[in-house]
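A short worksheet on the structure shown next.
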Amino acid sequence: MIMTVTEYRQLNTNDTETTDQALEARLQALESVIRAYTNNNFQKRSFRFSCPVINGKLYYSTNLIKAEDTVQISESALNDGLYVVKEIGADTISLDADLYDEDYVLVTKIIYPADVKMGVVNLMKWESENRAKVGIQSESISRHSVTYFNMDGENSLMGYPKSLLGFLTPYMKARF
């Protein structure tokens, strides 16, 4: 996951009403949107190993990965995807989902830069504070006038204002 709910709550102390489950779902959704939009999987290739999957666990011993880290499994017939490490044993690594047994999978650690994490926090703040105001261009009541966000095709991207997505520009990778 791009960041844990605990990490998010430390960086955004104003969001006390949203449940942990809702925050986790939003963080996972933002992670997939960012990975798809930038065409960047944020893999740290020096933290890569291959191992078998037996009884739903990775059989490998390493000090490169710890609990709560995000890993990507690839070169797998059944288990491709992103997972969060739940527990590290003597020779096993347990993930947040059940895995199918395989002889060989490639496991790579995912590391998101600090500015991407802060960008996600800003997107989540915008989501909670301004999502309800999207679509209303102008509102006038007597002498009181309010103009909300203009979210037409020129000003928005992926449902967010373009100005909030500038942090992703350095991480864009070419699509071939």
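The values are calculated or read from the model by the stated rules, or taken from the named source; none is laboratory data. Owing to the predicted nature of the structure, the values given are computational and were not obtained by experimental measurement. Methodologically, a virtual Cβ is constructed for each residue, glycine included, from the backbone with ideal geometry; neighbour enumeration extends over all protein chains shown. Please note that ligands, DNA and RNA were not included when accessible areas were found on the heavy atoms of the full protein model with its side chains. Shrake-Rupley method; radii C 1.70, N 1.55, O 1.52, S 1.80 Å.
Please go through segment 125-142 and pick out each residue that is modelled with pLDDT under 75, open to solvent by 70 Å² or more (accessible area, probe 1.4 Å) and not in a loop (DSSP other than H, G, I, E, B). Scanning segment 125-142 gives ARG131, ALA132, LYS133.
Filtered by the rule that a residue be in contact with a Phe, Trp or Tyr (Cβ under 7 Å, 6 or more places away or on another chain) and either more than 19 Å from ILE34 (Cβ to Cβ) or among the small types (Gly, Ala, Ser) (or both), segment 82-127 gives ASP91, THR92, ILE93, LEU95, ASP96, ALA97, VAL107, GLY119. Residues in segment 16-29 that are part of a helix (DSSP H, G or I) and of a type in the set (Asp, Glu): ASP20, GLU24. Filter segment 89-102 down to residues that are modelled with pLDDT of 95 or more and open to solvent by 60 Å² or more (accessible area, probe 1.4 Å) and give me whichever is nearest to TYR171 (Cα to Cα). Looking at residues that are modelled with pLDDT of 95 or more and open to solvent by 60 Å² or more (accessible area, probe 1.4 Å), I get TYR100. Only one entry in MET151, MET118 is among the hydrophobic types (A, V, I, L, M, F, W, C), modelled with pLDDT of 90 or more and either more than 30 Å from TYR60 (Cα to Cα) or surrounded by 15 or more Cβ atoms within 10 Å (Cβ to Cβ) (or both), namely MET118. Residues in segment 16-29 that are surrounded by 14 or more Cβ atoms within 10 Å (Cβ to Cβ) and of a type in the set (Ser, Thr, Tyr): THR18 only. Flag: ALA77 does not match the condition of being closer than 12 Å to LEU58 by Cα and assigned to a loop (DSSP other than H, G, I, E, B).
Here SER94, SER145 are screened, and the one residue that is polar (S, T, N, Q), free of Cβ contacts under 8 Å to residues at least 24 places away in the same chain and in a strand (DSSP E or B) is SER145. Residues in segment 30-74 that are open to solvent by 20 Å² or more (accessible area, probe 1.4 Å), touching a Cys at 6+ places or on another chain (Cβ under 9 Å), under 16 Å from THR108 (Cβ atoms) and outside any loop (DSSP other than H, G, I, E, B): 0 in all. In segment 75-84, of all residues being more than 16 Å from LEU27 (Cβ to Cβ) and either in contact (Cβ under 8 Å) with a residue 24 or more places away in the chain or surrounded by 19 or more Cβ atoms within 10 Å (Cβ to Cβ) (or both), the one that is farthest from the chain's Cα centre (by Cα) corresponds to ALA77.
Give the residues of segment 1-15 that are in a loop (DSSP other than H, G, I, E, B), farther than 24 Å from VAL107 by Cβ and open to solvent by less than 80 Å² (accessible area, probe 1.4 Å), sorted by residue number. Passing the criteria: ASN12, ASP15.
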